[in-house]
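Step one of this worksheet: look at the structure below.
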Amino acid sequence: MIRSLRGMNDILPPDNARFEYFLDTAASVAKRYGFTYIETPLLEETALFKRSVGESSDIVGKEMYQFTDKGDNDVCLRPEGTAGVVRAFVQNKLDRAGGIHRYFYHGPMFRYERPQKGRLREFHQFGCESFGVQSVYEDVTIIMMIADILGALGIGYRLKLNSLGDHNCMPQYREKLVGFLDAHEAHLCEDCLRRKATNPIRVLDCKNERCQIIYKKAPKLINNLCESCNSDFDTLKHLLEENGIVYEIDTHLVRGLDYYSKTAFEFVSDDIGAQSAIAGGGRYDRLVEFLDGRATPAVGFAIGIERLLELIAMPEASREGYYMGAMDTESLPQIMQLAKQKRMTQNVIVEYSPKSLKAHLKGADRIHARYCVVIGENERTEGKVWVKDLEAKTEAVIEAEAL
RNA sequence: GUGGGUGUAGCUCAGUUGGUUAGAGCACCAGUUUGUGGCACUGGGGGUCGUGGGUUCGAAACCCAUCAUCCACCCCA
C-alpha cells in the first residue's frame, strides 16, 4: 500500500469541517480589518528563504525541502509564508507604489522535521502581512485581530510579548550580550557557545538550567532599547491594556526567524502539548529592503491551523438537507428528477435502492438529514410526494411541484 | 538528528506462565411480516495479528532486524 509521506496528513471528516470553519472565520475577520486575499507559489527560489528567514535559523539550516529542478534551479517548498508575500510585494513594485497594503493568505508550508504532536512536515498556516505602516498602532491592530479570530473560535490563549529592538539598538545590545557571554564562556553549554557565534540572542532561549542561572544576570534587551523602540513598546502595552488584551512580557521570546525587529509576539495554548505556539508574528521593517525593495515598514503574523483544530468550539450541528428515496423501482426515476430540482438550492442525498418507508427513515436519520422525501406506489399514481421533517416530526403528502 | 512508547477487525482495545477454528464494544449491512427514524433484539460481512527472519512439536505472545506511528528533546505555527 502506498502511504502518504511521513508528517504529511490527509484532512478528512470530521477535522475537515473544523478546518473549513477556521478558514471561513479567520478570512472574514481579516477582511473586516481591511486585508485582502493573496496567493503566492508553494515553490520558490531557495535564495529567497536564505535571505529572509536567515541562514542561521533552523528552518533554513536544516528543515527545508530543497532540491534542484529540471532547469537546474535551486528551489524549495516554502517553509513559511511571509517571504513569498514580501517577494510578491517587491516583484510587483508595490513598494514603489506607496500607500498601505494589507494581505492575508493560507495554505501548506513544509519543514523537514521529526513529526510529533502539533508538528508536521506539511502543515497549514493562515497569515496576514501589512506593508507601509510605521505606527505601532498597526502592531496593536494585528494583535487585536488575532485575539478576535481566536475569540470567535472559542479558543483560550496566553499572549507573550517582547521587543527585539531595531537596527539602532539591537547591534549595540548584541555586543553587550556577547561581552557578557565571553565573561561566562567557561560555564556555557555547547549549544550556547555555538549560538554565541551564529545568533547570540538565541542563547536566552536555552533550555539548559545551568545556562539559565547564568542568564538571569545577563543584560536584557528590553532594558537596552533605544528611545523610539522603548516608547513604541510602551504604547503597544498601553493600547493592549486599554483594549482588554492580557499579555505577559517574555524577555526570552526570540522569534526563530531572523527578520523580526521591534514587536515580537506569540500566542500559546496550554492544552495542546509541547508544541504550544498557535500564532506568532511581529514587525519586520527591514525585510522588504533585504529582498531588494524600497524600505517599507511591515508587520505580520501566522497561525498554525492544525494546532488550533482540536481547540475549536464548533457551532452545534443541526439537521440539514434532504434525503430522497423510493419504495419501488418504478418510482426511482421520479426521485432523480426531484433531486435535480432541489439541488438548485439544497443538499440532497438520493438512496438508489427501493426499500421500506421504515428503512428510508432510518437512512435519513443516519445522515442527519432534515427532510425525508419518499415516493411509493400511492404517491406515484397521484403525482405527489411524502415528506417528513425529521426535526419537527411533522409529515405531509404534497404535490411534487410544491416540494 | 537523539531518546522512549506502541503496532491484533473501519475505530477503541482484550487475548492468562507460548496450546488447537483470534475475541469484545462501537461502526457498517440485513431482518424483527400491512407505509413511520433515533431505542431494543436477532443475524451477517470484515483480520496474511505491521513486515521479514529466528527459537519451539506448536508463536498474536519469546528473541533479532526492519518499517510505520505516537510522545518528548531540539526548534517552531
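Separation of the stretch A:143-213 and the stretch A:253-305, taken as the distance between their Cα centroids, equals 13 angstrom. Take A:294-302, A:3-11, A:271-279 and order them by the average number of nearby Cβ atoms within 10 Å per residue, most first; the result is A:294-302, A:271-279, A:3-11.
When all protein chains stay in place and ligands, DNA and RNA are ignored, the 1.4 Å accessible-area order of A:57, A:28, largest first, is A:28, A:57. With the whole protein complex present, residue A:124 retains an accessible surface near 30 Å², based on a 1.4 Å probe. Each Lys or Arg adds one and each Asp or Glu takes one away; over the other residues whose Cβ falls under 13 Å from the Cβ of residue A:41, this sums to -2. Taking every alpha-carbon pair under 8 Å whose residues sit at least 6 apart, chain A reaches a relative contact order of 16 percent. The value of relative contact order for the stretch A:142-242, using C-alpha pairs under 8 Å at least six residues apart, is 35 percent.
What is the stretch A:322-402 by shape, rounded, prolate or oblate, if you read a ≥ b ≥ c off the alpha carbon gyration tensor as root eigenvalues and call it rounded for a/c under 1.5, prolate for a/b larger than b/c, and oblate otherwise? Don't jump to the answer; show the numbers that get you there.
Working: a/c = 1.27, a/b = 1.17, b/c = 1.08.
Taking the square roots of the gyration eigenvalues as a ≥ b ≥ c, the stretch A:322-402 is rounded.
Over the stretch A:322-402, what is the relative contact order in percent, taking alpha-carbon pairs closer than 8 angstrom and at least six residues apart?
Numbers: 136 pairs, mean separation 25.1, N = 81.
RCO, the stretch A:322-402: 31 percent.
With charges only on Cβ, +1 for K and R and -1 for D and E, what is the dipole size of chain A about its Cα centre, in debye, rounded to 20? Please list the in-between numbers first.
Details: 52 positive and 59 negative charges, 123 e Å.
Value, rounded to 20: 600 debye.
The listed residues A:343, A:158, A:18, A:114 rank as A:114, A:343, A:158, A:18 when sorted by accessible area, largest first, using a 1.4 Å probe.
Ligands, DNA and RNA are left out, and with a 1.4 angstrom probe the accessible area of chain A is 51 Å² per residue.
Of the residues A:288, A:4, A:264, the one whose Cα sits farthest towards the positive end of the charge dipole of chain A is A:4 (charges of +1 on Lys and Arg Cβ, -1 on Asp and Glu Cβ, taken about the Cα centre). Solvent-accessible area assigned to carbon and sulfur over the stretch A:322-402 amounts to 50 percent, based on a 1.4 Å probe. For a straight C-alpha distance cut-off of 23 angstrom, the lysines reachable from residue A:393 (same-chain residues fewer than eight places away being disregarded) are A:342, A:355, A:358, A:362, A:384. For the stretch A:304-337, backbone nitrogen atoms closer than 18 Å to the point 7 Å from residue A:15 Cα along Cα-to-C-beta are found at A:304-314.
With a 1.4 Å probe and all protein chains in place, put A:63, A:242 in order of accessible area, largest first.
Working: A:63 20, A:242 140 Å².
Sorted descending by solvent-accessible area, the residues read A:242, A:63.
The distance linking the stretch A:1-57 with the stretch A:370-403 is 45 Å (Cα centroid to Cα centroid, whole angstrom). Highest mean first, the peptides A:315-323, A:228-236 sorted by other C-beta atoms within 10 Å per residue fall in the order A:228-236, A:315-323.
Two numbers describe the Cα atoms of chain A: Rg and Dmax, which are 27.8, 96 Å. When peptides A:70-76, A:195-201 are ranked by their average number of other Cβ atoms within 10 Å per residue, the highest-first order is A:195-201, A:70-76. Only protein heavy atoms count here; on that basis, with a 1.4 Å probe, residue A:68 has an accessible area of about 90 Å². Taking only Cα atoms, what is the 0 to 90° angle, nearest 10, from helix A:82-91's long axis to the longest principal axis of chain A? Once rounded, one gets 80 degrees.
The values are calculated or read from the model by the stated rules, or taken from the named source; none is laboratory data. Note that the structure is a prediction, hence the values are computed from the model and not measured. We place every Cβ from the backbone using ideal geometry, glycine too, and count neighbours over all the protein chains shown. To get the accessible areas, we keep the full protein, side chains included, count just its heavy atoms, and leave off ligands, DNA and RNA. Shrake-Rupley method; radii C 1.70, N 1.55, O 1.52, S 1.80 Å.
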